[in-house]
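Student: Here it is, the structure in full.
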Protein chains: 2
Amino acid sequence: MSIQQLFTTPLRVVNVGIETFKDVCEQYAPPAIQVDWSPPVDVSPAAEACLAKNAAKIDTANQKVMEIILSGTPHLIGLDIARNVIPGMTDDTILHAGPPVTWDRMCGPMRGGVMAGLVYEGRASSIDEAETLAASGTIHYAPCHEHGTVGPMAGIVTPSMPVWILKNEAYGNLAYCTLNEGLGKVLRYGAFGDEVTRRLKWMETTLYPILKAAVAHTGPIDLKNMIAQALHMGDEVHNRNRAGTSLLYRAIAPAILATCEDKDDAIAVLEFINNNDHFFLNLSMPACKATLDAARDIKGSSIALVMARNGTDFGIQLAGTGDVWFTAPADVPDALYFAGFSKDDANPDIGDSAITETGGLGGFAIAAAPAIVQFVGGVAADALRYTHQMYEITAGESRMYQIPSLDFRGTPTGIDVRKVVDRNRVPVIDTGVAHKTAGVGQVGAGLVNAPMAPFAQAYEALAKLLKR
Amino acid sequence: MSIQQLFTTPLRVVNVGIETFKDVCEQYAPPAIQVDWSPPVDVSPAAEACLAKNAAKIDTANQKVMEIILSGTPHLIGLDIARNVIPGMTDDTILHAGPPVTWDRMCGPMRGGVMAGLVYEGRASSIDEAETLAASGTIHYAPCHEHGTVGPMAGIVTPSMPVWILKNEAYGNLAYCTLNEGLGKVLRYGAFGDEVTRRLKWMETTLYPILKAAVAHTGPIDLKNMIAQALHMGDEVHNRNRAGTSLLYRAIAPAILATCEDKDDAIAVLEFINNNDHFFLNLSMPACKATLDAARDIKGSSIALVMARNGTDFGIQLAGTGDVWFTAPADVPDALYFAGFSKDDANPDIGDSAITETGGLGGFAIAAAPAIVQFVGGVAADALRYTHQMYEITAGESRMYQIPSLDFRGTPTGIDVRKVVDRNRVPVIDTGVAHKTAGVGQVGAGLVNAPMAPFAQAYEALAKLLKR
């Protein structure tokens, strides 16, 4: 184009950077478009140079990790009591969501969950007694993730709780998760009291043995297939699990009939599941955990295998950095709050459920579940946009989990910390919101962005390992 | 714009009409876009003038019809045997899909269904004997639609068949439909033989009494709500019913447990439903029938209350033209054919299931179920396009049935024959495809356009009535 042409043809502006420049253009000139771009995250030039130099090596490692993740085949193989099966679980162990946290740094809902758990275990006869015991040093707190386990919200697992057992049939590793309690006053949102304890006891004495017998009767249930179907049915299997719950229900109801001698109990179990469209969440989460755990300790890989929050800190782990947690303070979610509650009541982001996003589901697959963005005041196009953005920071696409409205494109899978840093784009996470005070429970649900700091730390740490 | 400007600025072409003109433009000039427009259908100037003159009157009548359709509340209230409940059903009656048709004009699969029905009833001991009886004049054939009933594909209802009973609670009218047999060798696709008869007998003696007791136990089930949920879960409740079937299953399984004394039979019933994702179709169809029938005989209305095919003719009825059928030969669907079959094997379009499109579901709601267009080789954008096109020919939008990917816009509802004619745009229908020969069964599934002729006839007939 000649200079002359430049001044005789209409100006069309594409702006990269500060958005106000585009606004000024629009005042004086024809339409301008804003490129969705942010400057890269501020990481050390040494780390940047190291990762650039080792790009091919990292790519190879990531390829290996992605092959493991994409070929994982999580199956539900049974149920048992936590103390019998979770590795390293002692009578004094309480597992919790997110990265490690001590009692004194625990947020309100996690403390509430711990206290509810101690009352449920019969270790304390009141919440006050439970609080004393919880702070006494007797109890060993550990992240679920470090015991092959995941837990939604507070993620509290005590020794007597029944757990689902999942096996990644392709790689042989196991994963565990408690059974979902439903909504209302529930331990995972930090609520306690008779209602909470009674339900947990019923789950242990009625729900658990009936489900255990039913799953023994059906044989292993292919959860990868079930999640894939659920995505075709409007779930993203994090904040929306109606389809997954329905498909699980269909799969096990005949087995419950076949194996349960007490008709009233069998009906109660079916009704319990039918009344809780989140029941499947506690299977989609360990399905992702089992899938991702198989790719641990692949040297040089920049793929995240864990994103988890304890309500105080947000932490991540990479395939290439072993068991190290990279953490930063958890943010308070932008959410739709229940009547009578606001962001002031909300606890910062909490729960292991971000394992679904880490596995290419949840917020990453939200285009499959536009109902969720509507729930928080967005539109269907927002859901598409979130999923499209996640393709920018992932290393691959699922071969099994698909988004119908994107012509069955595989969901964005395998968060590459390099892309997160380079594009200055953090993962988007669907989430429930707990009240910040122990004993209250859920106050909302919404979307939250992961903080950037853990990704930047992981980036630096990977560089240091690669330099050795 | 001055003449000079016209020749100095880039030419941008918008073409209306013959599309090749646009193609020529594109060879020599910048991009041209084609307006999706067809000349109006050739109807008589007198009818056109009459409908134009009476536009306000028709609009008022249509408003009344739409209010009835949009406020209909179909509930499942029970089951019974056809002869006990379907009005006018005698021991010699066989109901069939679509507009009226005599034995000699019946297509292969409908004949197959009739013969299978006579063997099932014990009226004939072989298919040959059944054929003789079917042609003898003893049997009274009548459209399902004229007996408050709808039937998928051949739509055969014989006196001993169990039927769902639905009530439009808002208006008190009832509708009926047989239970879905599943896939494979089934009567509704014109198949016959021992397998078909055995299944029908099991449905009558085991499935029916168990479901009847279960529905009596649950009380009325709100199908409008269930269909609305199914649309949020990827169904359009015509060719895709996985979600609807799941939700129904969840609703009745506990009641089956509570009421069925024979454990093996209860399990068999649950497995039968679980193995047939089309089970809900035979509820979504009568739900539409019950909803639309409440709006019959509203003088002056140009809204279609029935679209139905008997495999020979395609017929429609309007709210404003009473019980008159407007018919034309049914087309052979463009479909995805099962291995070993082609369009040459296919019977023309058949079944009352187009009642779902008439009620704003099925093909009209296909944007909610992109999986279906993929099944016939299309893409998600095609599904959106079909639904958008149906907004052009409908009088309103559902207040309950919504399409998530269109930000929960109500489905296009209430086919206005004026708009069909003016826009030269016919309804799009999801459909299964039967082999043209009796006894074979299903050979494919796909999409079909309604023929224009019945709409043009209805247009003329409405004009004649308005002139009186």
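The values are calculated or read from the model by the stated rules, or taken from the named source; none is laboratory data. No experiment lies behind these values; they were computed from the predicted model shown. Methodologically, a virtual Cβ is constructed for each residue, glycine included, from the backbone with ideal geometry; neighbour enumeration extends over all protein chains shown.
Student: Evaluate the range B:418-437: report whether one residue or more is within 14 Å of another protein chain (Cβ to nearest Cβ), surrounded by fewer than 23 Cβ atoms within 10 Å (Cβ to Cβ) and closer than 23 Å to B:LEU292 by Cα.
Tutor: No, the range B:418-437 contains no residue that is within 14 Å of another protein chain (Cβ to nearest Cβ), surrounded by fewer than 23 Cβ atoms within 10 Å (Cβ to Cβ) and closer than 23 Å to B:LEU292 by Cα.
Student: So which residues in the range B:58-95 are polar (S, T, N, Q) and within 22 Å of the chain's Cα centre (by Cα), if there are any at all?
Tutor: Scanning the range B:58-95 gives B:ASN62, B:SER71, B:THR73.
Student: For the range A:215-232, which residues satisfy the criterion of being touching a Pro at 6+ places or on another chain (Cβ under 9 Å) and farther than 11 Å from A:LEU248 by Cα?
Tutor: A:HIS217, A:THR218, A:LYS224, A:LEU231, A:HIS232
Student: Would you check if A:ILE303 is β-branched (Val, Ile, Thr) and surrounded by 23 or more Cβ atoms within 10 Å (Cβ to Cβ)?
Tutor: yes
Student: Can I ask one more? Which one of these does B:PHE314 not meet: (1) of a type outside the set (Val, Ile, Thr); (2) within 14 Å of another protein chain (Cβ to nearest Cβ); (3) touching a Ser or Thr at 6+ places or on another chain (Cβ under 7 Å)?
Tutor: (2) is the only condition that B:PHE314 fails.
Student: Only one of A:ALA395, A:ALA381 is among the hydrophobic types (A, V, I, L, M, F, W, C) and at the interface with chain B (Cβ under 9 Å from one of its Cβ atoms). Can you tell me which?
Tutor: The unique qualifying residue is A:ALA381.
Student: So which pairs qualify, if the first residue must be in the range A:227-242 and within 11 Å of chain B (Cβ to nearest Cβ), the second must be of a type in the set (Lys, Arg), the Cβ gap must be under 7 Å, and the two must be at least 6 apart or on different chains?
Tutor: These pairs meet every condition: A:MET233/B:ARG242; A:GLY234/A:ARG240; A:ASP235/A:ARG242.
Student: Please go through the range B:204-227 and pick out each residue that is under 30 Å from A:HIS232 (Cα atoms) and buried (at least 18 other Cβ atoms within 10 Å of the Cβ).
Tutor: Once the filter is applied, which keeps residues that are under 30 Å from A:HIS232 (Cα atoms) and buried (at least 18 other Cβ atoms within 10 Å of the Cβ), the range B:204-227 yields B:LEU207, B:LEU211, B:ALA214, B:VAL215, B:ILE221, B:LEU223, B:LYS224, B:MET226, B:ILE227.
Student: For the range B:387-399, how many residues are in contact with a Leu (Cβ under 8 Å, 6 or more places away or on another chain) and surrounded by fewer than 20 Cβ atoms within 10 Å (Cβ to Cβ)?
Tutor: 1
Student: Moving on to the next point. Only one residue in B:GLY137, B:GLY88, B:GLY151, B:GLY122 is assigned by TED's automatic domain parsing to the domain that holds B:GLY219, outside any strand (DSSP E or B) and buried (at least 20 other Cβ atoms within 10 Å of the Cβ). Which one?
Tutor: Going through B:GLY137, B:GLY88, B:GLY151, B:GLY122 in turn, just one is assigned by TED's automatic domain parsing to the domain that holds B:GLY219, outside any strand (DSSP E or B) and buried (at least 20 other Cβ atoms within 10 Å of the Cβ): B:GLY151.
Student: Here are A:GLU261, A:GLU271: which of them is surrounded by fewer than 20 Cβ atoms within 10 Å (Cβ to Cβ), within 8 Å of chain B (Cβ to nearest Cβ) and not small (Gly, Ala, Ser)?
Tutor: Just one listed residue meets the conditions, A:GLU271.
Student: Looking at (1) under 18 Å from B:ASN241 (Cβ atoms); (2) among the small types (Gly, Ala, Ser); (3) surrounded by fewer than 23 Cβ atoms within 10 Å (Cβ to Cβ), can you tell me which one B:ALA367 breaks?
Tutor: Failing condition for B:ALA367: (3).
Student: Of all the strands (runs of 3 or more DSSP E) wholly in the range A:348-440, which have at least 2 residues that are touching a Pro at 6+ places or on another chain (Cβ under 7 Å)?
Tutor: A:394-403, A:428-434
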